[in-house]
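Trainee: Sharing a structure below in structure tokens format, with a few things to ask.
The values are calculated or read from the model by the stated rules, or taken from the named source; none is laboratory data. Bear in mind that the values here come from a model prediction, so they are computed numbers and not experimental data. Neighbour counts run over all protein chains shown; Cβ positions are idealised from the backbone, glycine included. Just so you know, the surface numbers come from the protein's heavy atoms only, side chains and all, with ligands and any DNA or RNA stripped out. Shrake-Rupley method; radii C 1.70, N 1.55, O 1.52, S 1.80 Å.
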Amino acid sequence: MKITEPPRSPAQRKRDLLARLESEWDIWVASTGTEGLPCLVPLWFVWHGEALWLATRPTTPTGRNLRDRRRARLALGDTQDVVIVDGDAEMYGADEVPGSAAEAFLAKTGWDPRADSAPYVYFRVRPRAVQVRNGEHEMAGRHLMRDGVWLV
């Protein structure tokens, strides 16, 4: 596929990123366990309070990995329209999650993990690095955040 449009500015990429975080439902979540084995799963998410909020069972590989390692790589899009977020993960029990985050998750997904019959936990993933690009012609300037600070 040949791209004929010029690369987006960093400011436009950030606007597009924030719009995607509001509109998309699923995000790929990559984590590793203490033995170094990678785990990759799609999870529902919500962007709330400058963080991504996820919910999963605490006994799943992803739940254990995020709890123990406290790091995640999240991804949206296909290989031509990519968002990659590296972040720090913090676990909240269903009785500990901030009400505004749980309500935002419910409003977006229609599901309230706090009310599920199975035990669920929430993870707040605070971005440390964000990359956004739509095609190879946007490789330059793809870093929108480093060390937890927006560059734009």
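Trainee: Within the stretch 119-137, track down each residue that is modelled with pLDDT of 95 or more and more than 18 Å from the chain's Cα centre (by Cα).
Mentor: If the condition is that a residue be modelled with pLDDT of 95 or more and more than 18 Å from the chain's Cα centre (by Cα), then P119 is the only one that fits.
Trainee: Mind checking which residues of the stretch 4-31 are more than 19 Å from the chain's Cα centre (by Cα) and of a type in the set (A, V, I, L, M, F, W, C)?
Mentor: A11
Trainee: Given the conditions (1) assigned to a helix (DSSP H, G or I); (2) of a type outside the set (S, T, Y); (3) in contact with a strand residue (DSSP E or B) (Cβ under 9 Å, 6 or more places away or on another chain), report the number of the one that Q12 does not fulfil.
Mentor: For Q12, the failing item is (3).
Trainee: Same structure, new question: Right, P58: within 26 Å of L151 (Cα to Cα), part of a loop (DSSP other than H, G, I, E, B) and touching a residue at least 12 places away in the same chain (Cβ under 8 Å) or not? Explain how you work it out, then say what you get.
Mentor: Numbers: within 26 Å of L151 (Cα to Cα): no; part of a loop (DSSP other than H, G, I, E, B): yes; touching a residue at least 12 places away in the same chain (Cβ under 8 Å): yes.
Answer is no for this residue.
Trainee: Is there any pair with a first residue in the stretch 109-120 that is of a type in the set (K, R) and a second that is open to solvent by 60 Å² or more (accessible area, probe 1.4 Å) whose Cβ atoms are under 9 Å apart and which are 6 or more apart or on different chains, and what are they?
Mentor: Qualifying pairs under 9 Å: R114/D95.
Trainee: Being touching a Ser or Thr at 6+ places or on another chain (Cβ under 6 Å) and open to solvent by 10 Å² or more (accessible area, probe 1.4 Å) is the filter here; which residues of the stretch 57-67 pass it?
Mentor: N65
Trainee: Right, something else. Among (1) in contact (Cβ under 8 Å) with a residue 12 or more places away in the chain; (2) open to solvent by 80 Å² or more (accessible area, probe 1.4 Å); (3) under 21 Å from M139 (Cβ atoms); (4) not aromatic (F, W, Y), which single condition is K14 missing?
Mentor: (2)
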